[in-house]
């Protein structure tokens with residue numbers, strides 16, 4: 001598996017919350033990925049995102065632009081280095097999420113709503129995902145996935161939401 005090391009940079013505002021990272025064409029070619037392919041990002045933790053081409057001004061700078069949510073899931077900060085590789089993702093058979101702080105009484109319609117928000121998005125175990133609800137981005141922790149590794153939420157994925165919170169301290173944010 002080909003791996004490259006890139007420096008973390010801040011995402012442009014229009015890319016925030018879209019599960020995407022931006023990398024230059026040379027890096028994409030080295031990794032053997034095209035726009036829309038899933039890549040794995042390894043900092044202090046492993047996470048995944050969707051590869052998109054870099055902005056014109058970023059070419060040949062060996063950076064990866066990612067939002068704060070992806071940085072948090074990778075366990076890195078701006079200007080730190082991450083190792084990037086093509087992901088061996090599989091369609092998710094099942095994904096279980098848990099609220100991070102407030103108990104939620106899950107019901108099938110709500111679980112279906114959350115699944116629609118995550119359709120075609122890559123997730124790994126212990127990722128924090130944010131679901132927009134009534135103008136707020138509510139954090140959920142990925143507590144279980146099948147198969148193991150990097151998975152992509154599909155229409156066929158069985159998504160469940162646990163009632164009990166994980167106790168992680170992750171703030172909700174406004175959706176803009």
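Quick notes on this one:
- Sequence of 19, 140 once ranked by neighbouring C-beta atoms within 10 Å, starting from the fewest: 19, 140
- For the chain, built as a Gaussian network whose Cα springs stay under 10 Å, the top-fluctuating residue of 123, 151, 114: 114
- For the range 1-117, DSSP calls about 65 percent of its internal beta bridges antiparallel.
- Considering only 152, 84, 102, the mean-square fluctuation computed in a Gaussian network model of the chain, springs between alpha carbons under 10 angstrom, is largest for 102.
- Extension reserve of the residue 55-residue 88 stretch, reckoned as 0.36 nm per residue once the Cα distance is removed: 9.3 nm
- When both the range 2-31 and the range 66-90 are represented by their alpha-carbon centers, they are found 9 Å apart.
- Degrees separating the helix 108-118 axis from the principal Cα axis of the chain, which is the longest one: 10 degrees
- Among 34, 18, sorting on how many other beta-carbon atoms sit within 10 Å of each Cβ, with the fewest leading, yields 34, 18.
- Projected label distance in nm at residue 80 and residue 146, using a 7 Å step from Cα toward the beta-carbon: 3.3 nm
- FRET efficiency, residue 160 to residue 136 (Cβ-Cβ, R0 22 Å, nearest 0.05): 0.50
- Principal axis analysis of the Cα atoms in the range 90-174 yields extents of 30, 23, 22 Å, listed in decreasing size.
- Subtracting the Cα-Cα distance of residue 119 and residue 107 from their residue separation scaled by 0.36 nm leaves 2.5 nm.
Each value in this text was obtained by applying a stated rule to the coordinates, not by laboratory testing. The structure presented is a predicted model; accordingly, all values stated were derived computationally and were not measured. With ideal geometry, Cβ positions are generated from the backbone for all residues, glycine too; neighbour counts draw on all protein chains shown.
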